[in-house]
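One structure is given below, encoded as structure tokens.
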Amino acid sequence: MTNIIAFESSADETSVAIVQDGHKVLSNSVATQINSHQRFGGIVPEVASRHHLEWITRVLDDALDQAQLTPADIDAVAVTYGPGLVGSLLVGLMGAKTFAMAHDLPLIGVNHLAGHIAAANFNQPIEYPALALMVSGGHTELVLMPKENQFEVLGETRDDAAGESFDKVGRLLHLDYPAGKAIDEMAQRGQPDFSFPTAMAHEDNYDFSFSGLKSAVINYVHHAEQKHEAINADDVATAFQNAVVTALLGRTKRALENYPVRSFILAGGVAANHQLRAALTDLLKQFPQTKFIPVPLAYTGDNAAMIGAAGYWNYKENRFADLTLNTEPGLDFERS
Ligand SMILES: Nc1ncnc2c1ncn2[C@@H]1O[C@H](COP(=O)(O)OP(=O)(O)OP(=O)(O)O)[C@@H](O)[C@H]1O
Ligand SMILES: [Mg+2]
């Protein structure tokens, strides 16, 4: 048995978790600072780093308490070193290095995006080759995994990320940041008699674009305001979400047709979206050789357990870091 303690602080969640053999979550302590950022409509980097500093030792103690373990039970320390906000990443990185040094444990650097994908292992074991749709606040990518811990980006967004577009439309509809969950709920009520365009529906690639959709929603709302007409926010949410899901589904279908894989993973904060999960469940019926493995709802947002899962992949390959490990705020997978 291998117990990995993992640190995550790339954005606005401070989290420490202990994961056994890459799939069994012994504890997952998460402190969120959403409330501090809501009035600014997004994450304020300086505020985020200060919160991480305040919380890091508390979530560390909590993770050990919840798992009822002591540092002597831990085999390695995993930490997110990118992508993310540099000041936020540094807090988790210093915490992890300090813990590793104090208890003479090996250190493992983890790509936050690999973490989002590895969280699928909390649902059921991933079989390879696998394809992952990674949809989060900062990323929208179709990632091919020929083998465990190997990542090739087939397509990505050319402008806004899917989650980012939810948050921007949310701001337009006067919703709190982040708005994904609220729009998801509103979209279940709306019955629009209009639709928004899905970008690049006919282009032969795996890339995404959401800025045109965002502009269409802005135009719709402003046009109504100019005419002093009330808009039905639920209808706007439904039409917007329909367009996002249609775009994600189209590229995913094309990738599944061209790359026969054994698992299809849905990961990242937007993976919590009900309509997206349902639409993909439906789509996967056309691909009986491919197992649909959505990340469990409890682990779609940022958390350290997912970093422990991806850290275990590196652990098995003896990919350890030393204490010179630095942050890489722009870290991404290679494009194939
Ligand atoms: N039910 C939902 N439907 C749609 N979007 C959602 C839902 N729940 C959360 N989101 C969106 O998920 C995003 C947050 O995801 P996540 O925490 O993975 O992003 P991040 O860590 O900020 O970015 P990245 O992982 O790319 O660095 C937000 O944009 C939020 O609005
Ligand atoms: Mg994330």
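Details
- Straight-line cross-link reach from Lys24 at under 18 Å between alpha-carbon atoms covers these aspartates and glutamates, not counting any fewer than eight positions away in the same chain: Glu8, Asp62, Asp65, Asp73, Asp75, Glu127, Glu148, Asp302.
- Net length gained if the chain between Asn35 and Arg58 were fully extended (0.36 nm per residue, minus Cα distance): 6.4 nm
- Unsatisfied cross-links (Cα-Cα over 20 Å) in the set Lys181/Lys214; Lys168/Lys227; Lys253/Lys285; Lys147/Lys291; Lys253/Lys291; Lys147/Lys316: Lys168/Lys227
- At R0 = 41 Å, FRET efficiency that the Cβ-Cβ distance of Gln275 and Ala72 yields, to 0.05: 0.30
- Using C-alpha pairs under 8 Å with a sequence gap of at least 6, the mean separation divided by the residue count of the range 1-148 gives a relative contact order of 23 percent.
- Prolate/oblate/rounded label for the range 1-125 (Cα gyration tensor, a/c 1.5): prolate
- Peptide ranges 220-232, 69-81 listed from the most packed, as the mean C-beta count within 10 angstrom indicates: 69-81, 220-232
- Karplus-derived 3J(HN,Hα), 6.51/-1.76/1.60, for each residue of the range 45-54, Hz, glycine and proline x: x, 5, 5, 4, 4, 5, 4, 4, 4, 5
- Between Glu152 and Ile218, residue separation times 0.36 nm minus the direct Cα-Cα distance comes to 20.4 nm.
- Efficiency of FRET from Cβ geometry, Gln289 and Asp65, R₀ 41 Å, rounded to 0.05: 0.40
- Distance from the range 118-141 to the range 233-279 (C-alpha centre basis), Å: 13
- Residues whose amide H falls under 5 Å from that of Ile108, counting only those 5 or more places apart or on a different chain, are Val77, Ala78, Val79, Ala321, with hydrogens built in the peptide plane.
- Solvent-accessible area of Thr281 with every protein chain in place, 1.4 Å probe, in Å² to the nearest 10: 70
- ³J(HN,Hα) computed for each position of the range 243-249 - Karplus, 6.51 cos²θ - 1.76 cosθ + 1.60, integer Hz, glycine/proline x: 5, 5, 5, 4, 5, 5, 5
- Full extension of the chain between Ala102 and Phe320 yields a length gain of 76.8 nm, computed as 0.36 nm times the residue separation minus the alpha carbon distance.
- In this structure Arg319 has an accessible area near 120 Å², from a 1.4 Å probe over the protein heavy atoms.
- Carbon plus sulfur fraction of accessible area for the range 117-235, probe 1.4 Å, in percent: 47
- Value of relative contact order over the chain, rounded to a whole percent, pairs C-alpha under 8 Å and six or more apart: 26
- Longest to shortest principal axis, alpha-carbon extents of the chain, angstrom: 66, 46, 31
- The residues of the chain expose on average 43 square angstrom of accessible surface per residue, using a 1.4 Å probe on protein heavy atoms.
- Met94 - accessible surface, heavy atoms, 1.4 Å probe, Å² rounded to 10: 100
- A simple spin-label model places pseudo-atoms 7 Å from Cα toward Cβ; at Arg171 and Leu297 they are separated by 2.8 nm.
- Working note: Karplus 6.51/-1.76/1.60 with θ = phi - 60° gives the range 143-148 the couplings 10, 8, 10, x, 9, 4 Hz, where Gly and Pro are set to x.
- A crude spin-label estimate for the pair Arg262 and Glu334, with each label 7 Å from Cα along the Cβ direction, gives 2.3 nm.
The values are calculated or read from the model by the stated rules, or taken from the named source; none is laboratory data. Owing to the predicted nature of the structure, the values given are computational and were not obtained by experimental measurement. As a convention, Cβ positions derive from the backbone with ideal geometry for all residues, glycine included, and neighbour counts pool all protein chains shown. Just the protein is used for accessible areas: all its heavy atoms, side chains included, with ligands, DNA and RNA removed. Shrake-Rupley method; radii C 1.70, N 1.55, O 1.52, S 1.80 Å.
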